[in-house]
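Chemist: This is the structure I want to talk about, given as C-alpha cells.
The values are calculated or read from the model by the stated rules, or taken from the named source; none is laboratory data. From a predicted model like this one, the values you see are computed outputs, not experimental measurements. Counting neighbours? That spans all protein chains shown, and the Cβs are built from the backbone with ideal geometry, glycine included. Accessible surface areas use protein heavy atoms only, side chains included; no ligands, DNA or RNA. Shrake-Rupley method; radii C 1.70, N 1.55, O 1.52, S 1.80 Å.
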Amino acid sequence: MATSALNLPLLPISQPMQPRTSRTTMTRKRRSRPLRAASAYALREGQSRRSHRLPCGLDLEVIAQHPPTPGPAAGRSERPPLVFVHGSFHAAWCWAEHWLPFFSRAGFSCFALSLRAQGESSVPSEAVAGTLETHTGDIADFIRKEVSFPPVLIGHSFGGLIVQQYISSLQGSEPLHPKLSGAVLVCSVPPSGNSGLVWRYLLAKPIAAVKVTLSLAAKAYANSLPLCKETFFSPQMDDELVQRYQDLMKESSKLPLFDLRKLNASLPVPCVPNSTLDVLVMGASNDFIVDAEGLSETAKFYNVQPVCVEGLAHDIMLDCSWQKGAEVILYWLDKLAATFI
C-alpha cells in the first residue's frame with residue numbers, strides 16, 4: 001500500500017516455547033510456502049503473473065506487463081524497464097490496476113513485485129515480513145536475475161523508503177546492488193521515517209492523528225469503509241470501488257512489512273552525497289498520511305524540487321484521478337530517456 005503505519009509504543013511479546021515435536025518443523029515449512037489469497041487479483045489483458053525464487057527459498061509474486069508492440073513507442077527513445085514497489089497493506093495488484101497498463105502502452109516493460117508475506121508471495125517464519133535490508137536485497141536479486149537493463153525503481157509510501165535504502169546501497173566504488181536508471185518516490189515515507197509525521201499530526205491535528213492510529217496501527221481501515229476511504233482515497237471515489245480495494249488490502253498483508261520499533265531506530269537512511277542518480281519526489285495534495293513537510297524532507301534529502309499533484313490522496317495510483325500522477329511520471333521519464341540516446 002502503500003501506506004505508512006505508525007511508530008506507536010509496542011507491548012513486549014514473550015517468545016513462545018518451542019514444542020519438542022515435528023509440528024514446529026511442519027509449521028515452518030507450511031508458512032514458508034506461498035500463501036494464496038482467498039480471491040486472487042484478476043489480471044488485466046496483457047498481464048502475466050509468476051514467482052521469483054529468492055536465494056533463501058521464498059518466492060516473490062511478480063505481475064508483469066510489456067508494451068503491446070516490441071521496441072520503443074513511436075517517436076520515443078529506448079525506454080528503461082520500470083520496477084514497482086508497494087507499501088504496507090498493498091501488493092503488486094495496486095500497480096496492475098492502472099499504472100502497468102498506462103506505462104506499458106507508453107513503451108515501458110513493467111514489473112510489480114509483492115514483497116515477502118504480501119499478496120501471493122511466500123510467508124517467512126518470522127514475526128514480520130523483513131527489514132529494509134532484506135526487502136532491498138530481494139528487489140536487487142530480482143533485478144540482477146530478471147531485468148536486462150538498469151530499471152527505474154518506483155516506490156510508494158513505505159515502498160518509497162525501501163527504494164531510498166536501495167539508492168543508498170549504490171554509493172561507493174563497489175555498489176551493493178545492481179545500478180538503476182532512476183528512481184521515483186511516490187507519497188514516500190521520508191528518510192527519517194514516519195515518527196515526524198505522527199508527532200506533527202498529534203500536535204497540529206489530534207483528531208486526524210486518532211483516525212490515522214485507528215486506521216493503520218489498529219488496522220481499522222479493514223472494517224470501516226468510511227475510514228478506509230478517508231485514509232487512502234479522495235472523497236469523490238466510488239464506494240463500491242473503495243470496497244473492492246479494501247477487500248484486496250485485507251487479503252494482501254499476511255505479516256507486517258517491518259518491526260517499526262527496530263526500523264525507526266535504524267533511520268535515517270544513509271545520505272547520498274554527490275549522487276548522480278535522477279530522482280523524482282512526488283506527493284499528493286490530499287494525502288492523509290504523508291504531509292507537505294514530509295514531502296519536502298524527502299526532496300531536500302535528494303536535492304530536488306518536489307512535485308505535489310493536486311486533487312489526489314495517498315493511494316495516488318488507485319485514486320479516481322490516477323492519470324494525473326501517471327502523467328507527471330511519464331513526463332519525467334521522457335526527459336530521463338533522452339539521456340540514453
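Chemist: Return the pair list, or none, for Cβ contacts closer than 7 Å from residues in region 308-319 that are without any contact (Cβ under 8 Å) to a residue 40 or more places away in the chain to residues that are open to solvent by 10 Å² or more (accessible area, probe 1.4 Å) and of a type outside the set (G, A, S), at least 6 apart or on different chains.
Modeler: That search, which allows pairs on different chains as well, returns C308/L295; V309/K324; V309/V328.
Chemist: Restricting to region 211-229, name every residue that is at pLDDT 70 or above and surrounded by fewer than 19 Cβ atoms within 10 Å (Cβ to Cβ).
Modeler: K219, A220, A222, N223, S224, L225, P226, L227
Chemist: Continuing with this model, one more query. Within the set of pairs 6 or more residues apart or between chains, which connect a residue that is under 14 Å from S88 (Cβ atoms) inside region 249-270 to a residue that is in a helix (DSSP H, G or I) and hydrophobic (A, V, I, L, M, F, W, C) with Cβ atoms less than 8 Å apart?
Modeler: Once the first residue is under 14 Å from S88 (Cβ atoms) and sits in region 249-270, its partners that are in a helix (DSSP H, G or I) and hydrophobic (A, V, I, L, M, F, W, C) give M249/A222; M249/C228; K250/A222; S252/W93; L257/F158; F258/L132; F258/F158; L263/L132.
Chemist: Among the residues of region 132-143, is any out of contact with any Leu (no Cβ under 9 Å at 6 or more places or on another chain) and either under 22 Å from F103 (Cβ atoms) or hydrophobic (A, V, I, L, M, F, W, C) (or both)?
Modeler: no
Chemist: Additional query: Any idea which of L312, L295, L318 is surrounded by 18 or more Cβ atoms within 10 Å (Cβ to Cβ) and in a helix (DSSP H, G or I)? Walk me through it before giving the result.
Modeler: Values: L312 fails: in a helix (DSSP H, G or I); L318 fails: in a helix (DSSP H, G or I).
After ruling out the rest, the residue left standing is L295.
Chemist: To continue, here is another question. If we keep just the residues of region 284-310 that are hydrophobic (A, V, I, L, M, F, W, C) and more than 17 Å from the chain's Cα centre (by Cα), which is nearest to E327 (Cα to Cα)?
Modeler: Per the stated criteria, the residue is V309.
Chemist: For region 141-196, give me each residue that is of a type in the set (V, I, T) and either under 14 Å from L295 (Cβ atoms) or without any contact (Cβ under 8 Å) to a residue 24 or more places away in the chain (or both). Lay out the reasoning, then the answer.
Modeler: If we filter region 141-196 for residues that are of a type in the set (V, I, T), which is where we start, we get 143, 147, 152, 154, 162-163, 167, 184, 186, 189.
Once the filter is applied, which keeps residues that are of a type in the set (V, I, T) and either under 14 Å from L295 (Cβ atoms) or without any contact (Cβ under 8 Å) to a residue 24 or more places away in the chain (or both), region 141-196 yields V184, V186, V189.
Chemist: Looking for something modelled with pLDDT under 95 and part of a helix (DSSP H, G or I) - is there at least one such residue anywhere in region 188-195?
Modeler: Within region 188-195 (the criterion being modelled with pLDDT under 95 and part of a helix (DSSP H, G or I)), the answer is yes, since at least one residue qualifies.
Chemist: Now, a different point. When the residues of region 230-264 are narrowed to those that are assigned to a helix (DSSP H, G or I) and more than 27 Å from S122 (Cα to Cα), which ends up most open to solvent (accessible area, probe 1.4 Å)? Show your work before the answer.
Modeler: Of region 230-264, the ones assigned to a helix (DSSP H, G or I) are 230-232, 239-252, 260-264.
Imposing the further condition that a residue be more than 27 Å from S122 (Cα to Cα) reduces the set to 230-231, 239-241.
On the way: E230: 76, T231: 2, D239: 79, E240: 151, L241: 57 Å².
For region 230-264, the residue satisfying everything is E240.
Chemist: Quick check: anything in region 270-281 part of a helix (DSSP H, G or I) and open to solvent by less than 20 Å² (accessible area, probe 1.4 Å)?
Modeler: Narrowing region 270-281 to residues part of a helix (DSSP H, G or I): none.
No, because not a single residue in region 270-281 is part of a helix (DSSP H, G or I) and open to solvent by less than 20 Å² (accessible area, probe 1.4 Å).
Chemist: For R116, all conditions in the list (1) within 26 Å of V328 (Cα to Cα); (2) under 15 Å from the mean Cα position of the chain (by Cα); (3) part of a loop (DSSP other than H, G, I, E, B) hold save one; what is the number of the exception?
Modeler: (1)
Chemist: Search region 298-309 for residues being assigned to a loop (DSSP other than H, G, I, E, B) and of a type outside the set (A, V, I, L, M, F, W, C), and hand back the single one that is surrounded by the most Cβ atoms within 10 Å (Cβ to Cβ).
Modeler: Of all residues in region 298-309, those assigned to a loop (DSSP other than H, G, I, E, B) come to 302-306.
From the residues that got through so far, the ones that are of a type outside the set (A, V, I, L, M, F, W, C) too are 302-303, 305-306.
Details: Y302: 20, N303: 11, Q305: 9, P306: 18.
Checking each candidate, the answer is Y302.
Chemist: Residues of region 159-175 being open to solvent by less than 10 Å² (accessible area, probe 1.4 Å) and either out of contact with any helix residue (DSSP H, G or I) (no Cβ under 9 Å at 6 or more places or on another chain) or basic (K, R) (or both), which ones?
Modeler: I167
Let's see how each residue does on (1) in a strand (DSSP E or B); (2) within 19 Å of the chain's Cα centre (by Cα):
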residue: E61; (1), (2): yes, yes
residue: F111; (1), (2): yes, yes
residue: S125; (1), (2): no, no
residue: G130; (1), (2): no, yes
residue: D138; (1), (2): no, yes
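Chemist: Taking region 287-341, which residues are touching a Phe, Trp or Tyr at 6+ places or on another chain (Cβ under 9 Å) and among the polar types (S, T, N, Q)?
Modeler: Passing the criteria: only Q323.
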